[in-house]
Amino acid sequence: MDWDKFKVHGEPLIYGAMASIVLATIGIIVGLTYFKKWGYLWREWLTTVDHKRIGIMYILAALLMLFRGGVDAIMMKLQTAAPDMKFLDAQHYNEVFTTHGLIMILFMAMPFIIGLMNVIVPLQIGARDVAFPRLNAVSFWLFFFGAMLLNISFVIGGSPDAGWSAYFPLASLEFSPTVGNNYYSLALQISGIGTLITGVNFIVTILKMRAPGMKLMKMPMFTWSVLITNVIIVFAFPVLTVALALMMFDRLFGSQFFTMANGGMDMLWANLFWVWGHPEVYIVVLPAFGIYSEIIATFSKKNLYGYTSMVFSMLIISLLSFLVWAHHFYTMGQGAMVNSFFSITTMAIAVPTGVKIFNWLFTLRKGRISFTTPMLYSLAFIPIFTIGGVTGVMLAMASADYQYHNTMFLVAHFHYVLIPGAVFAVIAGFHYWFPKVFGFRLNERLGKHAFWWIVISFNVSFFPLFLLGLMGMTRRQYTYSAETGFGPLSMVSFVGAIGLVVGFVILVYNIYWSTRYEPRDTDGDPWDARTLEWATKSPIPAYNFAVVPNVKTRDAYWSAKQDKVPLFEDKITKIHMPSNTGKPFILGVIFFIAGFSLVFSLWIPAILSGVGILIVMAAMSFDRDHGFYIPAEEVIATEKKLRGETV
Amino acid sequence: MNKKGPLYALFLSLILLLPGCSSIAVLNPKGPAARTLSDTIILSIVVMLGVLAVVYILYVFVLLKYRAKKSNEGYIPPHEEGNKWLEAIWITIPIIIVAFLSVVTVKTTVDVENVAADYKDQKPLVIYASSSNWKWHFSYPEEGIETVNYVNIPVHRAVEFRLYSFGTISSLWIPQLGGQKYAMSDMLTTLHLSADTVGSYVGRNANFNGKGFAHMEFEALAMTDADYQEWVKDVKETAGPLSEEEFKNLLEMEHVGRKTYTNTHLSFSPPPGDHGDHMGTNGTEKDTDNGNTEHQDNKEIHPSPAPSSETEFDSVPNPELDDESATHEGH
């Protein structure tokens, strides 16, 4: 056994990271033991199948990953803040920008969105849980352990260093001989399987478990966006699964799919990657559109303008998202005809997206707009995302892209799309739905402080990159000389990044402050909102709704409040609930061990854990636990307690 | 809305910076291809500023007029389903804009993919540009000379770069002369550039390819035809030949300075086929044979990123992979 390959050498930063990981782990273990919380953790969280708790765990994991990805971002910005900086060396910088991309997209934005959809969608459609609660737990634990596998790469063996797009032959064993890209193929594979299961789960949930009367065209817009997103997941993720499997064969078993020798095709990887990778962007952006639709309608005190065209525009975007992948490599020399086709399909996406922007603007029109924290993020989204959108059209023009490709202009563009289009959305959704889940609001004053820091610093940090790109600065270059003239604008960008850090620190402090001091709200509808999730109490009882609502209109809860349309007409009866299970967690652990063993080509543990996976899956398949019933009396008692009455 | 203050300031500065700011390489073209692209970019910026203006005006208007304030307390917003005429407008106008930009895109893409109109009647100067590790090799088959990490071209002359790589995908980009194109190991791509002003331009690899990427720059020097002929003559008199042995050593190196030779590597290391060959459209036995030998040929002299050679890994997977990978990951 050669222990040397597990080591990462020579960087004080890495030793620091190792020390902090070890300390944090010891801290958690000691804390849990001291407060005797092991049993609580296992019973209430690790084995839970409750969609709300799974959603909360997704969001917690996403916040942790936001921290990790943010630290990566700051290190990159510091390294490029001035010419010839000596903060990171090339190898370390390459690892940092690779993991920044992977973590922010796959382990921050997507799980944050999946977390919100977990918490909210069953409530919005008046369901008691998702269609397959245990599979839902499997999804979460596969995502979680996939994320952990990628994160330990930094201190054990080295991180992937070929960019988040991992183009071959650079990512092949010949040019990336460390285990970094083995981590890439396995960590993404494990969490990707989790995402694929989520896709199936939510399609079934939304199609089959809506409350009586909620026709498809009466669903809240967030639920619509989630439905379409999950259809995209089910079509796009198998491509990633296959591509990653081929990558793993290339790197671990000597196959030659993407390598230079024996007829391997490097651009085949690029094609497969972007056939998944472009729809992936819409997987994080479409639910964001849904979140904004809910928030803008709520705080304009109006129904969403152009509901039907909103739905159709998302359907068209989802279709087009599969027809544009080649715009990521216009410059591979496939000729003017192919490039023209992909230019036109790409620009076509601007049309449905524009429809949505105007529909939001017309929702605001004639409304009565209140500027709460979630609304501020939603309002900031419109002008900033529009810049991202119009620069997207500019990039879509194949000829012009020959000058933007691989430059900072591109980096600026996709941050202008993804930060307002995904990050602002999840923050907005987080503030908006926080009181639903926890029973109190986040402090508005602190929330607004964080907002201004984040929104202004974002522009300071990323707008200069448009200019740097046009000046000829390519992405992913770890240093540059003073003669290039990239120095001043890069420094501005770094200053903006510091401002973003301040904003996020305030945001996190706000969670702490509000948990301690913010007044509790017992009503369950602090924003005077419109959709079904606000019709239940906060905190939400395990069964969500004591009585399944009868939906007659689009904004069901709004009609119930305004027009006194009765929502809950049936009597309370016993409620069937799924039982908790530890198997998904165990499955995740074994997947983690299998992945780790494969990364280091430790065949015996890999085979053993492969067998272990099959055993746990078999055990889950033959599980005869059909759940349990909450008796009607207990439901009535819980409801009374939630209303503040004494039992 | 004070949050849009900085935004507007930034936009204003962009507009002010656009015309004639010489530090913005892409908008300071020195050749017909780059000029076409620069014009396209400026046109698209103008159109997009128009789109932004519409959205921003509407945005500011609704936010100012319909914000919650004392005077509209008790106002109950109406229920609006939508309006098919309004929605038709904001579907139709974007379609028109996209159609217009599509026409521009197709036309300019065809333009820059071919020899520039002014030089259509010339026979282009062919230069093979290949990358290995983090350096560029420029082979001039007509002149029979080869350079490393710099390229000299005559002005007012169509130049046809034929790009390929001895390893990772790289992208040859000289922003002031034109757009970029990938150089790959298994196919040849073509990039048409010309310069119409004498001068020295920064060229670089734009596609990330490992730890030496940031320093993978070269100088593109556009000179008068007389100077160019003089230079070629000079090279033939003063530089030495490039042997196969020396070329192999050169490929292995990570970075080198400038080098000049009196013959090209193309004779002993032919470039890969172009797209058509690669796709095997002809499908004849001869073609595939050729393709394969070319692959093998390249393979022979493919460089490794690290001093230790890993070529044995590409052919046979070793049954004792554990030990094998241990030695690889050890260094």
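The values are calculated or read from the model by the stated rules, or taken from the named source; none is laboratory data. Quick caveat: nothing in here was measured; it's all calculated off a predicted structure. Here Cβ is always computed from backbone atoms with ideal geometry, including for glycine, and neighbour counts include all displayed protein chains. Surface accessibility is based on the protein's heavy atoms, side chains included, excluding ligands, DNA and RNA. Shrake-Rupley method; radii C 1.70, N 1.55, O 1.52, S 1.80 Å.
The table below lists the values:
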item	result
Identity of the residue in segment B:87-103, hydrophobic (A, V, I, L, M, F, W, C) and more than 7 Å from every other protein chain (Cβ to nearest Cβ), that ends up nearest to B:Q180 (Cα to Cα)	B:V103
Search result, residues across segment A:342-378 that are aliphatic (A, V, I, L, M), under 26 Å from A:L446 (Cβ atoms) and more than 7 Å from chain B (Cβ to nearest Cβ)	A:M375, A:L376
Meets criteria (within 24 Å of B:D111 (Cβ to Cβ) and either facing chain B (nearest Cβ under 10 Å) or touching a residue at least 60 places away in the same chain (Cβ under 8 Å) (or both)) for A:A398	yes
Any hit, segment B:234-243, residues being open to solvent by 50 Å² or more (accessible area, probe 1.4 Å), at pLDDT 50 or above and within 27 Å of the chain's Cα centre (by Cα)	no
Candidate set from segment A:582-638 (those that are of a type in the set (F, W, Y) and more than 17 Å from A:W141 (Cα to Cα)); member that is least open to solvent (accessible area, probe 1.4 Å)	A:F600
Whichever residue in segment B:167-183 is within 9 Å of chain A (Cβ to nearest Cβ), in contact (Cβ under 8 Å) with a residue 40 or more places away in the chain and not small (G, A, S) and, among such residues, is farthest from A:F329 (Cα to Cα)	B:Q176
Filter result for A:T536 (touching a helix residue (DSSP H, G or I) at 6+ places or on another chain (Cβ under 8 Å), under 21 Å from A:F434 (Cα atoms), in contact (Cβ under 8 Å) with a residue 40 or more places away in the chain and not charged (D, E, K, R))	yes
Residues (more than 16 Å from B:A25 (Cα to Cα), part of a loop (DSSP other than H, G, I, E, B) and in contact with a Gly (Cβ under 9 Å, 6 or more places away or on another chain)) located in segment B:179-209	B:M184, B:S185, B:D186, B:M187, B:F208, B:N209
Any hit, segment A:217-229, residues being surrounded by 24 or more Cβ atoms within 10 Å (Cβ to Cβ) and farther than 22 Å from A:T298 by Cβ	no
Any hit, segment A:165-176, residues being out of contact with any Gly (no Cβ under 8 Å at 6 or more places or on another chain), away from every other protein chain (no Cβ under 14 Å) and small (G, A, S)	no
Qualifying residue in segment A:274-282 (condition: open to solvent by less than 10 Å² (accessible area, probe 1.4 Å), part of a helix (DSSP H, G or I) and within 14 Å of chain B (Cβ to nearest Cβ))	no
Residue in segment A:183-201 that is in contact (Cβ under 8 Å) with a residue 40 or more places away in the chain, more than 19 Å from A:I233 (Cα to Cα) and either of a type outside the set (A, V, I, L, M, F, W, C) or surrounded by fewer than 22 Cβ atoms within 10 Å (Cβ to Cβ) (or both) present	yes
Filtered residue count, segment A:264-292, keeping only those that are in contact with a Leu (Cβ under 7 Å, 6 or more places away or on another chain) and over 30 Å from A:S378 (Cβ atoms)	0
All helices (runs of 4 or more DSSP H) inside segment A:343-419 with 1 or more residues being among the charged types (D, E, K, R), modelled with pLDDT of 95 or more and under 28 Å from A:G429 (Cα atoms)	A:350-364
Output for segment B:50-81, where each listed residue is hydrophobic (A, V, I, L, M, F, W, C), open to solvent by less than 70 Å² (accessible area, probe 1.4 Å) and within 8 Å of chain A (Cβ to nearest Cβ)	B:V51, B:L52, B:V55, B:L58, B:V62, B:L63, B:A68
Test: residue in segment B:27-37 that is open to solvent by less than 20 Å² (accessible area, probe 1.4 Å), farther than 17 Å from A:V390 by Cβ and outside any helix (DSSP H, G or I)	yes
Conditions (1) over 31 Å from the mean Cα position of the chain (by Cα); (2) within 24 Å of A:I630 (Cβ to Cβ); (3) open to solvent by less than 40 Å² (accessible area, probe 1.4 Å): number failed by A:K574	(3)
From the options A:S191, A:S159, A:S176, residue that is closer than 18 Å to A:I59 by Cα and of a type in the set (S, T, Y)	A:S191
Scope segment B:114-151; condition open to solvent by less than 10 Å² (accessible area, probe 1.4 Å) and of a type in the set (S, T, N, Q); matching residues	B:S130, B:S131, B:S132, B:S139, B:T147
Lone unmet requirement of (1) open to solvent by less than 50 Å² (accessible area, probe 1.4 Å); (2) modelled with pLDDT of 90 or more for A:S538	(2)
Checking A:F87 against (1) in contact (Cβ under 8 Å) with a residue 24 or more places away in the chain; (2) surrounded by fewer than 20 Cβ atoms within 10 Å (Cβ to Cβ); (3) aromatic (F, W, Y), the condition it does not meet	(1)
Qualifying residues in segment A:305-328 (those that are outside any helix (DSSP H, G or I) and at the interface with chain B (Cβ under 9 Å from one of its Cβ atoms)) - the one surrounded by the most Cβ atoms within 10 Å (Cβ to Cβ)	A:Y305
Only listed residue being open to solvent by 60 Å² or more (accessible area, probe 1.4 Å) and touching a helix residue (DSSP H, G or I) at 6+ places or on another chain (Cβ under 8 Å), chosen from A:W42, A:W38	A:W38
Test result for A:A288, crowded, with 24+ Cβ neighbours inside 10 Å, over 18 Å from the mean Cα position of the chain (by Cα) and among the aliphatic types (A, V, I, L, M)	no
Within segment A:212-268, considering residues that are of a type in the set (F, W, Y) and not in a helix (DSSP H, G or I), the one farthest from the other protein chains (Cβ to nearest Cβ)	A:F257
Selected residue (only one of A:F257, A:F237, A:F175 is open to solvent by less than 10 Å² (accessible area, probe 1.4 Å) and not hydroxyl-bearing (S, T, Y))	A:F237
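Yes/no per residue for (1) closer than 19 Å to A:T195 by Cβ; (2) at pLDDT below 95; (3) open to solvent by less than 10 Å² (accessible area, probe 1.4 Å):
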{"site": "A:I56", "(1), (2), (3)": "yes, no, no"}
{"site": "A:D72", "(1), (2), (3)": "no, yes, yes"}
{"site": "A:L78", "(1), (2), (3)": "no, no, no"}
{"site": "A:P83", "(1), (2), (3)": "no, no, no"}
{"site": "A:Q91", "(1), (2), (3)": "no, yes, no"}
{"site": "A:T98", "(1), (2), (3)": "no, no, yes"}
{"site": "A:F107", "(1), (2), (3)": "yes, no, yes"}
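This table checks each residue for (1) closer than 30 Å to A:M217 by Cα; (2) part of a helix (DSSP H, G or I).
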{"position": "A:L78", "(1), (2)": "no, yes"}
{"position": "A:H100", "(1), (2)": "no, yes"}
{"position": "A:I114", "(1), (2)": "yes, yes"}
{"position": "A:F145", "(1), (2)": "no, yes"}
{"position": "A:P160", "(1), (2)": "no, no"}
{"position": "A:P177", "(1), (2)": "no, no"}
{"position": "A:S185", "(1), (2)": "no, yes"}
